[in-house]
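S.K.: I am attaching a structure below and will ask some questions about it afterwards.
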Amino acid sequence: MARFDAVFVGSGINSLVGAALLAKAGWRVCVLERSGWIGGNLLTRELTAPGFRHDVLSGWHPLFTGSPAYAELGGDLAARGLQYLNTEHPTAALFPDGSAAFLSTSAEGNREEFERLHPGDGEAWGGFTAEFSRQAELAFGLLGTELWSMTGLGLVGGWLRRLGREGSLEFGARLLSSARGWLEQAFRSEQVRGLLAPWVLHTGLGPDAAGSGFMLQVIGLALQMGGMPVPRGGGQRLADALASLIEDHGGRLETDTEVSQVLLRDGQAVGVRTAEGREVDAERAVLCSVTPTQLYLGLLSEQNGVAPSVVEKAGKFRYGRADMQIHLALSEPPHWPGGDPRFLETAMVHVCGGLDAVSRAVNEADRGLLPAEGTIVVGQPMAVDPARGPEGSWILWIQLQELPARPRGDAAGELDCGDGVWTEALREAYADRIVQRLAAQIPNLEPSILGRAVLSPADLERLNVNLVGGDPYGGACTLDQNLLWRPLPGLPHHHTPIGRLYHIGASTHPGPGLHGTSGYLAAKQLLRGEWLGPTWGR
């Protein structure tokens, strides 16, 4: 039996961050990964044609570079070759009539852009950013703190005293607001609304969901403040740097190693057993970067230490809408409509019909339909990192976030969804629809395609078991599965009802996104000696 202080199940960003912090502190750590690579959703491959390096899954790192993990580990990662590149133009939106709107990292530039789109909207944006910035410490603190803890209570209590009763109620209303409510109240321009609205999809929500307004405001301010950084050479460089940091401090990382069971003794986690029957001992902690379904109905299913009520809650955990990825290698950059040079400097362009179009596509997907005109997320990694492809070429990283895991029909009435399984034929047919929509606005798109690779929701789940049904966000992010209710009602923290067993990853607070915060929070609790024994939840 191999012995370590801490064993991590899964090698996603949260495990790597947590393992790096513990290893630096002198802990003996081991990271076990069932796939053939380290990094979870951090995977860079020549997917379409030689010389084109695609981020297969996750592609953009603004949440990580703004995280407490990067603030603490950034110097170590830079020493191991990690270099971030950025652009002044993080995002834009292209509308069906060929018009566009841009958001930059310049506060004054954004005011001018929004004022151009509608008089008064620039002033409204400036007023929002100034007001939200004054409360940014609380807003970002809620997403970077273990809420059900003395630290979390101190954060909330301090701000309650600072804001007073009226201010606290106003902040609570903002926390629960919908994106539609905020956008329609704050801005007159449909283009400004259409520029911002698609970003709620990146939080796993839709524009009419409670809490989507707050998340959209956080993202809007974060984009202006931090842009859209990417690692030089591909997202996997972040995983490589973290892995190197762990190994340099004596840690071990293993691929092609599936964990089948968490081992318990006297109500505490003492190690894991792999699918091949090997046992790995954990003298201080086991940290699982998995979904609640995998943890309580899989890794702990043969144990008697978990209350039936917890198992029941895990069985009711809901997964969200599915995702599709389309990767295109182009012989030349796209000829975006209007010839605005900012397009080729923009990291991510949303091609959509505006706020109502995003809402409609979300509604169709929630009802099990392929959207007639879903939002097309067009990432342009070579706008930030030109070395991702041969000179003069271009890469498009396309994400579709408004899809059902099991399609029951096509809202456009064009595609046969059969028995609801994502077959290769359905995958390619839907990808054809998306490429044709883009080609209608980008005249040189189809002639310049050198290679194409498409990943359906089913393909994504096969790549990473945490992407259940193709959900890239670790479970539905509606209010009843978010903040104090994530991962499960009654378990609003990273320690579990089992002593020395921690739950981390996108299914836990603060939710999805490439930030590593749940692994950071769990590691910090361990280093402080918190929750090492059996807990109140047993």
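S.K.: In degrees, nearest 10, range 0 to 90: what is the angle between the Cα axis of helix 355-366 and the longest Cα principal axis of the chain?
M.R.: The angle comes out at about 50 degrees.
S.K.: Put +1 on the Cβ of every Lys and Arg and -1 on every Asp and Glu Cβ in the chain; which of L160, V351, L205 then has its Cα farthest towards the positive end of the dipole?
M.R.: Result: L160, furthest along the dipole toward the positive end.
S.K.: While we're on this one: Using a Debye calculation, one point per C-alpha and no hydration shell, please list log10 I(q)/I(0) for the range 412-529 at q = 0.17, 0.19 Å⁻¹ in order.
M.R.: So the normalised log intensities work out to -0.92, -1.02.
S.K.: Next question, about the same structure. Among G40, W60, V29, which residue has its Cα positioned farthest towards the positive end of the charge dipole of the range 27-88, with +1 placed on the Cβ of Lys and Arg, -1 on the Cβ of Asp and Glu, and the dipole taken about the Cα centre?
M.R.: Checked the options; the winner is V29.
S.K.: Send over the Kirkwood Rh of the range 139-198, from the inverse of the averaged 1/r over different Cα pairs, rounded to one decimal Å. Display every interim value, and only then the final one.
M.R.: Details: mean 1/r = 0.0745 Å⁻¹.
After inverting the mean inverse Cα-Cα distance, the result is 13.4 Å.
S.K.: Moving on to the next point. May I ask for the angle, rounded to the nearest 10°, between helix 236-248 and the longest principal axis of the chain, with both axes built from Cα atoms and the value confined to 0 to 90°?
M.R.: Helix 236-248 and the main axis of the chain meet at about 20 degrees.
S.K.: Still on this model: Quick check for me: using +1 on Lys/Arg Cβ and -1 on Asp/Glu Cβ, what's the dipole size of the range 105-194 about its Cα centre, in debye to the nearest 20?
M.R.: Working: 10 positive and 13 negative charges, 70 e Å.
With Lys and Arg at +1 and Asp and Glu at -1, about 340 debye.
S.K.: Also: Helix 212-226 against the longest principal axis of the chain: what's the angle in degrees, Cα atoms only, rounded to the nearest 10?
M.R.: Long axis of 212-226 versus the principal axis of the chain: about 80 degrees.
S.K.: Work out from phi, with θ = phi - 60° and the Karplus expression 6.51 cos²θ - 1.76 cosθ + 1.60, the ³J(HN,Hα) of each residue of the range 142-150, listed in order in whole Hz, and give x for Gly and Pro.
M.R.: With the stated coefficients, the range 142-150 comes to 4, 9, x, 10, 5, 5, 8, 7, 4 Hz.
S.K.: Hey, can you find the accessible area per residue of the chain for me, probe 1.4 Å, expressed in square angstrom?
M.R.: Values: 20150 Å² over 538 residues.
I get 37 Å² per residue for the chain.
S.K.: Here's something else I'd like to know. State the percentage of accessible surface on the chain attributable to carbon and sulfur atoms; use a 1.4 Å probe and exclude ligands, DNA and RNA. Intermediate values should be presented prior to the final figure.
M.R.: Numbers: 10100 of 20150 Å².
Of all accessible area on the chain, carbon and sulfur atoms account for 50 percent.
S.K.: Could you state, as a whole-number percent, how many of the C-alpha pairs of the range 1-110 are farther apart than 18 Å?
M.R.: Values: 3992 of 5995 pairs.
The answer is 67 percent, as a whole percent.
S.K.: Convert each backbone phi in the range 107-112 into a coupling constant with the Karplus relation 6.51 cos²θ - 1.76 cosθ + 1.60 (shift: θ = phi - 60°), then list the ³J(HN,Hα) values in order as whole Hz, x for Gly and Pro.
M.R.: My calculation for the range 107-112 gives 4, 5, x, 5, 4, 5 Hz in order.
S.K.: Restricting to DSSP H runs of at least four residues, report the calculated mean residue ellipticity at 222 nm for the chain, -39500 (n - 2.57) per run over all residues, nearest 500 deg cm²/dmol. Walk me through the numbers before you get to the answer.
M.R.: Details: 17 runs with 188 residues, N = 538.
Value at 222 nm, helices only, nearest 500: -10500 deg cm²/dmol.
S.K.: Also, quick follow-up: Give me the orientation-averaged projected area of the Cα convex hull of the range 98-150, in nm², one decimal.
M.R.: 5.3 nm²
S.K.: Here is a further query. Please list, or write none, the lysines whose alpha carbon is within less than 28 Å of the alpha carbon of K24, excluding same-chain residues fewer than 8 places away.
M.R.: Once the sequence-local lysines are set aside, what remains near K24 is K524.
S.K.: Pairs of Cα atoms under 8 Å, at least six residues apart: use those to get the relative contact order of the range 1-112, whole percent. Don't jump to the answer; show the numbers that get you there.
M.R.: Values: 109 pairs, mean separation 16.6, N = 112.
Dividing the mean separation by the residue count of the range 1-112 yields 15 percent.
S.K.: Taking H as built 1.01 Å from N, whose amide H comes closer than 5 Å to the amide H of Q261, not counting residues under 5 places away?
M.R.: Those qualifying (amide H under 5 Å, at least 5 residues apart or on another chain) are R273.
S.K.: While we're looking at this one, here's another question. Mind putting a number on the dipole of the range 322-440 about its Cα centre? Charges go on the C-beta only, +1 for Lys and Arg and -1 for Asp and Glu, and I need it in Debye to the nearest 20.
M.R.: Numbers: 9 positive and 18 negative charges, 30 e Å.
In debye, rounded to 20, the range 322-440 gives about 140.
S.K.: I've got another one for you. If I take every Cα pair under 8 Å that is 6 or more residues apart in the chain, average their sequence separation and divide by the length, what percent do I get for the relative contact order? Spell out each step's value before the answer.
M.R.: On the way: 1204 pairs, mean separation 125.4, N = 538.
After rounding, I find 23 percent.
S.K.: For a protection proxy built on the mean count of beta-carbon atoms within 10 angstrom, sort 227-238, 415-426, 34-45 highest first, please. Spell out each step's value before the answer.
M.R.: On the way: 227-238: 23.0, 415-426: 14.3, 34-45: 20.3.
Answer by packing, highest mean first, reads 227-238, 34-45, 415-426.
S.K.: Send over the semi-axes of the chain's equivalent ellipsoid, whole angstrom and largest first, taken as the square roots of 5 times the C-alpha gyration tensor eigenvalues.
M.R.: On the way: eigenvalues 263, 147, 104 Å².
Over the Cα atoms of the chain, the semi-axes work out to 36, 27, 23 Å.
S.K.: So for the range 60-124, averaging the separation of alpha carbon pairs under 8 Å that are six or more residues apart and normalising by length, what relative contact order in percent results? List each step's numbers first, then the result.
M.R.: On the way: 43 pairs, mean separation 10.5, N = 65.
About 16 percent, as a whole number.
S.K.: Can you tell me the dipole magnitude for the chain around its Cα centre, using point charges on the Cβ only (Lys, Arg +1; Asp, Glu -1), in Debye to the nearest 20?
M.R.: Working: 44 positive and 59 negative charges, 310 e Å.
Using Cβ point charges on Lys, Arg, Asp and Glu, the chain gives about 1480 debye.
S.K.: For N444, which sequence-distant residues (separation of 5 or more, or a different chain) have an amide H within less than 5 Å of its own amide H, given hydrogens modelled in the peptide plane?
M.R.: For N444, whose amide H was placed from the backbone, the distant partners under 5 Å are H335.
The values are calculated or read from the model by the stated rules, or taken from the named source; none is laboratory data. Quick caveat: nothing in here was measured; it's all calculated off a predicted structure. So basically every Cβ, Gly included, is an ideal-geometry build from the backbone, and we count neighbours across all protein chains shown. Side chains are part of the model used for accessible areas, which takes the heavy atoms of the whole protein and leaves out ligands, DNA and RNA. Shrake-Rupley method; radii C 1.70, N 1.55, O 1.52, S 1.80 Å.
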